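The structure appears right after this line, and notes come after that.
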Amino acid sequence: MRLADVLKVEAIRTDFTSDDKDDTLRELARIFVEADGVLDEEAVYRVFSDREELASTGVGSGVAIPHGRLDIDDFRVAMAICPEGVQFDSVDGEPARIFFAILGPQQSPAEQLKILARVSRVLKDKQVRARLLEAETSQDALAIVAEEEGRH
């Protein structure tokens, strides 16, 4: 499954702002609800918050990948770019600036791991992260992800 197949322009924010980690999780939940119209914002927030209690999804290099599973049929992905950064308890102690949030079906943990790996591959390149931070529109950000994904 390609990111470009599950990441829709409606679920991308290039002008994301947040005060802290909890606010970020709530805003990411809101992005899913606004893009989807079906999901329950509080349920999405709880899934992300519960996952963060296990260990931070701040993977370092300015990236965080909040994720979890719900009673849904298909994967959903949202991306938020916060140039100012948010303290996110990242493994390297640096603020997170690029957020990829992933919601998967309860019955698909292996597929969710594949999507997590794909996000990691796309964002491992410092130049790709820099380009995303400069993306002015959701369409620009999606094009960068699709282009980079095509290289792998």
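Quick note: the coordinates plus some simple rules give every number you see, no bench work behind them. Owing to the predicted nature of the structure, the values given are computational and were not obtained by experimental measurement. Here the Cβ positions follow ideal geometry from the backbone for every residue, glycine too, while neighbour counts run over all protein chains shown.
Contact order for region 3-150, expressed relative to its length and based on alpha carbon pairs under 8 Å spaced 6+ residues apart, stands at 29 percent.
Spacing of the modelled spin labels on Arg121 and Ala143, each 7 Å from Cα toward Cβ, amounts to 2.4 nm. Measure out, as a whole number of angstrom, how far apart the alpha-carbon centroids of region 20-68 and region 95-124 sit. For region 20-68 versus region 95-124, the Cα centre distance is 12 Å. Summarising the label geometry, the points placed 7 Å from Cα in the beta-carbon direction at Asp74 and Asp89 lie 3.3 nm from one another. Taking square-rooted eigenvalues a ≥ b ≥ c of the alpha carbon gyration tensor, is the chain rounded, prolate or oblate, where a/c under 1.5 means rounded and, failing that, a/b exceeding b/c means prolate? Rounded is the answer for the chain, as its axis ratio a/c remains below 1.5.
Put a dot 7 Å past the Cα of Ala110, heading toward its Cβ, do the same for Arg46, and the two dots end up 2.9 nm apart. In the chain, helical runs assigned H by DSSP with n ≥ 4 each contribute -39500 (n - 2.57); averaged across all residues and rounded to the nearest 500, the mean residue ellipticity at 222 nm is -14500 deg cm²/dmol. Placing R0 at 25 angstrom, the Cβ-Cβ distance between Val38 and Arg2 gives a FRET efficiency of 0.65 after rounding to 0.05. Helix screen, the chain: DSSP H segments with Cα axial length of 15 Å or more and mean Kyte-Doolittle hydropathy at least -0.5 are 109-123, 138-150. The local environment of Asp73, defined by Cβ-Cβ distances under 14 Å, has a net charge of -2 under the rule Lys, Arg +1 and Asp, Glu -1. Counted over region 1-144, the DSSP beta bridges are approximately 50% antiparallel.
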